Structures are given as C-alpha cells and as structure tokens.
Amino acid sequence: MRSSSRPWGNEAVKLYFSPGACSQAPNIAFREAGLDIELVKVDLKSKRLESGEDYRVINPKGSVPALALDDHIVLTENAVVLQYIADQAPEAGLIPPYGTIRRYQLLEWLNYIATELHKGFAPLFHPQRSAEATIEARELLAAKFDYVASRMEGNPFLTGESFTIADCYLFVVLRWSRIHHIDLGRWPALAAFVARVAERPAVRAALHSEGMAR
Ligand SMILES: N[C@@H](CCC(=O)N[C@@H](CS)C(=O)NCC(=O)O)C(=O)O
C-alpha cells in the first residue's frame, strides 16, 4: 500500500465502517487505488466506536461510510466517497476522466446502485415489516437484478473491461443476496461477477480487514 504518498494530506484518512455494510465498497476502492487509510469500526446499533466515542459526533447521520479527511472535513454518502477515493489515484482507472461521457455513465451506475439496489434491500434488513412488504421488495429487487444482468452480459465488469468503483459497490450489494437467501444462480452473469470480483487481491484484503471470510 502506498503509505508514503497520501494525496489527501499528512494526517491519516479514516474510513468509518461496519463489517459487511455498504462501507465495504470504499474499503475495497482505497485498496484498489493503492492508498493508505485507517479503518474505524462503528457499532451501527449503539452508534458507538470501539473507543466508546459517539459516532454521531463524527457523522450526525449515524450511517456508514464516512471518510474523515481531517478533523474538519468528513465526507459521507457512499457514491460520493467512492468518487473521491477514485479521483485521488486516477492512474488506477477506477473512474473515467472528468468531462468524458464514460464518467457520466459510471455515475449513472453509482446512482442506480445506491438508490435502486442498495435501498431496494432496505426492507429485507427490517424483518419487522410485513410479509407482503418483504415479498414485494424481493420481487422488485429481482426485476432490478434482471436489468443489471442484461447490461452485464458478455462483460467482466459493469461498464465493460475495466474494474471501477461501481463494481466495488455492486459487489458488496450483491453479496447481501446470500444473507436474504436470494439465489444469484438465477442470474448467471451476476453470480459470475461476484465470484470474479471476490478473487481480486484488494477485495480479499478488504473482506479480511472486516473479519469476513469469502
Ligand atoms: N445515504 C447513505 C446511506 C448509507 C447506509 O444506508 N448505510 C447503512 C449501512 S449499509 C447504515 O449505516 N445503516 C445504519 C443507519 O443508517 O443507522 C449512503 O449512501 O452512504
């Protein structure tokens, strides 16, 4: 990891995360970018850090991820945090250059993953909701998986041949399917994508850092 060149300043940049949560996407992205970062675990139920500190003092939204660039600047919102990380290491190719149509197409995917796929899982993480709401959420997700799979057919990654921050985010969200017993085998392109991405050294390192097996 490129600890000598922190393009974002001299202080350690901190990523506030919870194991297996959407914050795993920036955990993967900074490793893919070859950047150095400090991981700080958040208990999402109590909103406390392992030090006992109240996480809401750092991020009043109480959600992960949050990226603390220093004591004053804390970036939140996964799609934005991911762009920030990718832009610190353009040579890693995790995001297309400014002003290109490919960049907007990537942002289109990031937004779709955040608002349609990620938030599409939300009802499944709240089992107190009615059985009808859960069934409906699963059906809606399946339709969205159909769409993503149709766009991925023949491509190793979401936008083609190169691995990008959208792939970091998509990988993490698709892995939640296991928790909710959604069989990705119904979408061979998605199942193959998850298997392919899981083999990347940065991804393995990120999962390991969160205490997660493959
Ligand atoms: N709008 C936020 C939402 C992030 C989010 O939903 N994070 C979840 C984990 S995947 C979380 O922290 N949930 C606990 C909470 O919001 O209290 C983003 O896109 O980053």
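The values are calculated or read from the model by the stated rules, or taken from the named source; none is laboratory data. Small disclaimer: the values here were computed from a predicted structure and weren't measured. Positions of Cβ are generated from backbone atoms using ideal geometry, with glycine treated the same way; all protein chains shown enter the neighbour counts. With ligands, DNA and RNA removed, areas are computed over all heavy atoms of the protein, side chains included. Shrake-Rupley method; radii C 1.70, N 1.55, O 1.52, S 1.80 Å.
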As a percent rounded to 5, the proportion of antiparallel DSSP bridges among beta bridges in the chain is 70 percent
At 1.4 Å probe size, put Glu161, Glu210 in order of accessible surface, largest to smallest.
Glu161, Glu210
Treat each spin label as a single point 7 Å out from the Cα along the C-beta direction, and report the Ala198 to Glu153 distance in nm.
2.5 nm
Which lysines have a Cα lying under 26 Å from the Cα of Lys14, excluding residues fewer than 8 positions away in the same chain?
Lys41, Lys45, Lys47, Lys61, Lys119
Which of rounded, prolate or oblate describes the stretch 101-200 when judged by the alpha-carbon gyration tensor and an a/c cut-off of 1.5?
prolate
MRE, 222 nm, helices only [DSSP H, n ≥ 4, -39500 (n - 2.57), over the chain, to nearest 500]:
-13500 deg cm²/dmol
For the chain, averaging the sequence separation of alpha carbon pairs under 8 Å that lie six or more residues apart and dividing by its residue count, the contact order in percent is 22 percent
If you roll a 1.4 Å probe over the heavy atoms of the protein chains, what accessible area per residue do you get for the stretch 101-200, in Å²?
51 Å²
Ranked packing of 189-202, 71-84, 28-41, 164-177, most packed first, by mean Cβ within 10 Å
164-177, 28-41, 71-84, 189-202
Rounded, prolate or oblate: pick one for the stretch 1-119, where a ≥ b ≥ c are the square roots of the eigenvalues of its C-alpha gyration tensor, a/c under 1.5 means rounded, and failing that, prolate if a/b is larger than b/c, else oblate.
oblate
About its Cα centre, the chain carries a charge dipole, from +1 on Lys and Arg Cβ atoms and -1 on Asp and Glu Cβ atoms, whose size in debye to the nearest 20 is 340 debye
Can you give the extra length, in nm with one decimal, that the chain gains between Asn111 and Arg178 once fully stretched, where that is 0.36 nm per residue apart less the Cα-Cα distance?
21.8 nm
Sorting Tyr98, Tyr55, Tyr147 by accessible area (1.4 Å probe), largest first, what list results?
Tyr98, Tyr147, Tyr55
Exposure ranking of Lys144, Lys119 by accessible area [1.4 Å probe, largest first]
Lys119, Lys144
Apply the a/c threshold of 1.5 to the C-alpha gyration tensor of the chain and tell me whether it is rounded, prolate or oblate.
oblate
Set of the stretch 148-175 residues, backbone N closer than 19 Å to the point 7 Å along the Cα-Cβ line of Arg138
174-175
With each label point set 7 Å from Cα along the Cα-Cβ vector, what nm distance links Asp146 and Ile101?
2.8 nm
